[in-house]
């Protein structure tokens, strides 16, 4: 079984994040960059399938030079091969362009049986890229998955959403996006980290993926203006002299909270 895992390098949510003054996009040069947590869970699910079946895992990521670190981490966890789409022309690419590029990268992998991805990255949170990639590849899509089983040429998944739970079933090949409830990702071992340095990673650009890259429309999300978040205002301290309840109720009513 050939499995492709889509991953992304994102700023650490626990660190300070700023926007570039030039175009108001995320300033990645000064950010602490990590493999997105939900992508780790997608990679972990691929590795669990590999433990129960004869599988080969290809890790695909689109991003600048630093995105190679995200690929190497999944290789250290147990992945077999990486594809790094690196092209300055893709800076600031929107959801549709990102999905087109990732789909093109997946097409370079022979006989793909399963594509795994996180349901949303922590930087963009669009939750749309996996679905668009599936549509471009003409694959059945099973999204928002919390439990996954693959057997006898079919994939069966449990989905949990705000509206309830559902069981999904589809033939392979298929695309599955997972939620944070799917598993707990493993830590790369020292042996795995050393082995990852020798595993192949192909670096490609738009010219490699598209016959006429000059005509490929790179659409971007443009931030017109960004202003700093206003500082948090000081709270109001209420001394309970018997009227605290009335004061609290009045405050909630003024804020239209009740």
Counting only residues in the stretch 49-72 that are in contact with a helix residue (DSSP H, G or I) (Cβ under 8 Å, 6 or more places away or on another chain) and assigned to a helix (DSSP H, G or I), the one farthest from residue 91 (Cα to Cα) is identified as 72
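Return the total of residues in the stretch 95-121 being part of a loop (DSSP other than H, G, I, E, B) and either within 18 Å of residue 45 (Cβ to Cβ) or without any contact (Cβ under 8 Å) to a residue 40 or more places away in the chain (or both). Can you show your working first?
Within the stretch 95-121, the subset part of a loop (DSSP other than H, G, I, E, B) is 108-113, 119-121.
Now restrict to residues that are either within 18 Å of residue 45 (Cβ to Cβ) or without any contact (Cβ under 8 Å) to a residue 40 or more places away in the chain (or both): 109, 112-113, 119-121.
The qualifying residues number 6.
Out of curiosity, is residue 185 out of contact with any strand residue (DSSP E or B) (no Cβ under 8 Å at 6 or more places or on another chain) and closer than 21 Å to residue 133 by Cβ? Working first, answer last.
Numbers: out of contact with any strand residue (DSSP E or B) (no Cβ under 8 Å at 6 or more places or on another chain): yes; closer than 21 Å to residue 133 by Cβ: no.
So residue 185 fails the test.
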State yes or no: is residue 46 within 13 Å of the chain's Cα centre (by Cα) and closer than 25 Å to residue 182 by Cα? no
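Considering only residues that are out of contact with any helix residue (DSSP H, G or I) (no Cβ under 6 Å at 6 or more places or on another chain) and modelled with pLDDT under 95, look in the stretch 124-139 and name the one that is surrounded by the most Cβ atoms within 10 Å (Cβ to Cβ).
Among residues in the stretch 124-139 that are out of contact with any helix residue (DSSP H, G or I) (no Cβ under 6 Å at 6 or more places or on another chain) and modelled with pLDDT under 95, the one surrounded by the most Cβ atoms within 10 Å (Cβ to Cβ) is 130.
If you go through the stretch 223-244, how many residues are under 23 Å from residue 22 (Cα atoms) and exposed (fewer than 10 other Cβ atoms within 10 Å of the Cβ)? Spell out the reasoning first.
So the first thing to find is which residues in the stretch 223-244 are under 23 Å from residue 22 (Cα atoms), and the list is 223-230.
Now narrow it down to the ones that are exposed (fewer than 10 other Cβ atoms within 10 Å of the Cβ): 224-225, 227-230.
The qualifying residues number 6.
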Inspect the stretch 153-165 for any residue being under 22 Å from the mean Cα position of the chain (by Cα) and touching a residue at least 40 places away in the same chain (Cβ under 8 Å) and give the result as yes or no. yes
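Given the residues 253, 238, 193, which is the only one that is over 26 Å from residue 112 (Cβ atoms) and modelled with pLDDT under 85? Please lay out each step first, then the result.
Values: 253 fails: modelled with pLDDT under 85; 193 fails: modelled with pLDDT under 85.
From the options 253, 238, 193, the qualifying one is 238.
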When residue 144 is evaluated against the numbered criteria (1) loosely packed, with under 12 Cβ neighbours inside 10 Å; (2) farther than 18 Å from residue 3 by Cα, which criterion, by number, is the only one it fails? (1)
Are any of the residues in the stretch 182-199 buried (at least 16 other Cβ atoms within 10 Å of the Cβ), out of contact with any helix residue (DSSP H, G or I) (no Cβ under 6 Å at 6 or more places or on another chain) and not in a helix (DSSP H, G or I)? no
So residue 139 clears everything in (1) under 19 Å from the mean Cα position of the chain (by Cα); (2) within 22 Å of residue 72 (Cβ to Cβ); (3) free of Cβ contacts under 8 Å to residues at least 60 places away in the same chain except one condition, right? Which one? (2)
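The values are calculated or read from the model by the stated rules, or taken from the named source; none is laboratory data. Since we're looking at a predicted model, the values are computed, not measured. Positions of Cβ are backbone-derived with ideal geometry, glycine not excepted, and every protein chain shown enters the neighbour counts.
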